[in-house]
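J.: Dumping the structure here so I can ask a few things about it.
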Amino acid sequence: MTSRISIARPAQGGGGGGYQPDPHGFGNSRPSAGYRAANPDDPIEKLRAFARQVEDMVDIYAQPLRPHLPAIARLLIVSTFLEDSWRIVTQWGDQIWFLGRHRHFPWGISHMFLIINVITMLVGSGAVITKRHSEYAVGGLLGVVIMQAIGYGLIFDLNFFLRNLSVIGGLLMVFSDSMYTRKSLFAGLPSLSETDRKKYFLLAGRVLLIFLFIGFAIRGEWSIARLFASLIGLAACVMVAIGFKAKWSATFLVLTLSVFNVFINNFWSIHSAHPQRDFLKYDFFQTLSIVGGLILLVNMGPGGLSVDEKKKTY
């Protein structure tokens with residue numbers, strides 16, 4: 001009970017002219033109603049402290065690589081397009097046969113379809129890597145994703161759809177990284193500022209990047225280890241999507257997907273004549289592309305529309 005008594009409370013009946021050692025209440029030991037001291041034993045506080053330590057370690061060990069992260073990320077993002085263009089060139093006859101026999105492309109149209117895809121992927125990938133006209137390059141590569149989904153009849157394949165959503169997310173991260181201040185071509189008309197556009201593109205890129213892991217979580221045979229890994233991965237995906245500890249969770253997904261990619265999509269261990277080799281190689285380079293988008297997220301941060309950014313404002 002004595003802890004609830006203020007030592008600065010004036011004595012009753014002392015009159016208005018009595019002595020008051022602390023007239024302004026500075027000596028009141030009772031904390032204010034809006035303040036609560038952090039409890040170091042609280043599990044949430046322990047988790048926050050652990051997350052801060054991990055972020056500090058990531059910043060320390062990634063410091064030597066930080067100047068090179070954007071270039072590495074861009075190269076990984078377009079790796080799936082470079083591999084796909086090489087596949088089309090080296091398997092030209094098989095591609096023409098498939099488009100004509102199974103997709104019923106007229107002779108000549110299939111050739112033009114493949115030529116446009118190869119040129120767009122090579123030129124767009126080179127522009128992304130060299131950071132020249134990246135906005136147009138991203139638009140061209142997005143067009144390739146859509147054309148191939150329709151041309152090869154894979155638009156209704158769930159695995160293909162989720163993977164390509166993640167690839168599009170990586171391309172949007174490139175677009176956000178390449179945005180620069182430009183004067184509006186139509187002065188006087190209402191438009192979003194460059195900062196606002198970048199925030200929305202970063203949000204869209206973050207959300208789309210996580211679909212690859214969602215596809216991994218929902219397919220395949222289930223086990224206790226797979227369930228545990230999927231739950232942790234999905235938690236990290238949600239953190240990336242809402243922008244809560246986004247750098248930490250994106251780093252975790254980079255490491256997880258890299259290990260998964262090497263051990264699951266190990267196309268180099270399969271004979272070159274085996275048909276499964278091409279599928280594994282395709283999955284391997286698509287996963288590399290998504291890892292590149294996550295690395296770009298680690299380098300840039302989650303952007304304005306995120307929990308991390310909102311916490312800074314408070």
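Where a number appears in this text, it was derived from the coordinates with a stated rule and is not lab data. Owing to the predicted nature of the structure, the values given are computational and were not obtained by experimental measurement. Neighbour counts run over all protein chains shown; Cβ positions are idealised from the backbone, glycine included.
J.: Output the pairs from K199/K281; K46/K310; K46/K198; K46/K281 with a Cα-Cα distance over 31 Å in this structure; if there are none, say none.
T.: K199/K281; K46/K198; K46/K281
J.: How would M300, M112 line up from fewest to most surrounding beta-carbon atoms within 10 angstrom?
T.: Details: M300 19, M112 10.
By the 10 Å Cβ count, ascending: M112, M300.
J.: Then there's this: With a sphere of radius 9 Å drawn around the Cβ of S178, what net charge do the other residues whose Cβ falls strictly inside it have (Lys, Arg +1; Asp, Glu -1)? Spell out each step's value before the answer.
T.: Values: positive: K131; negative: E135, D177.
Overall, the nearby charge balance is -1.
J.: Just rank Y282, Y200, fewest to most, by other beta-carbon atoms within 10 angstrom.
T.: On the way: Y282 18, Y200 15.
With the sparsest Cβ surroundings first, the list reads Y200, Y282.
J.: Right, another one. At a Förster distance of 35 Å, what's the computed FRET efficiency of D56 paired with M179, Cβ-Cβ distance as r, to 0.05?
T.: Values: r = 29 Å, r/R0 = 0.83.
So, using R0 = 35 Å, E works out to roughly 0.75.
J.: Show log10 I(q)/I(0) for the range 263-312 at q = 0.21 Å⁻¹, two decimals, from a solvent-free Debye sum over equal Cα scatterers.
T.: Debye output, listed in q order: -0.74.
J.: Further question: From the backbone phi of the range 150-162, what are the Karplus-calculated ³J(HN,Hα) couplings (6.51 cos²θ - 1.76 cosθ + 1.60, θ = phi - 60°) in whole Hz, Gly and Pro given as x?
T.: For the range 150-162, the Karplus curve yields 7, x, 8, x, 9, 5, 9, 7, 4, 4, 4, 5, 5 Hz.
J.: Net charge around I155, counting only other residues with Cβ within less than 15 Å of its Cβ (Lys, Arg = +1; Asp, Glu = -1)? Mind showing how you got there, number by number?
T.: Details: positive: R103, R163; negative: D157.
Once positives and negatives cancel, what remains is +1.
J.: Mind ordering 127-134, 264-271, 288-295 by average Cβ neighbours within 10 Å, highest first? Kindly include the intermediate steps, with their values, before the conclusion.
T.: Numbers: 127-134: 16.8, 264-271: 12.6, 288-295: 26.8.
So the order, starting with the most tightly packed, is 288-295, 127-134, 264-271.
J.: Still on this structure, I have one more. How would you order 149-155, 170-176 from highest to lowest mean count of nearby Cβ atoms within 10 Å?
T.: The packing order, highest mean first, is 170-176, 149-155.
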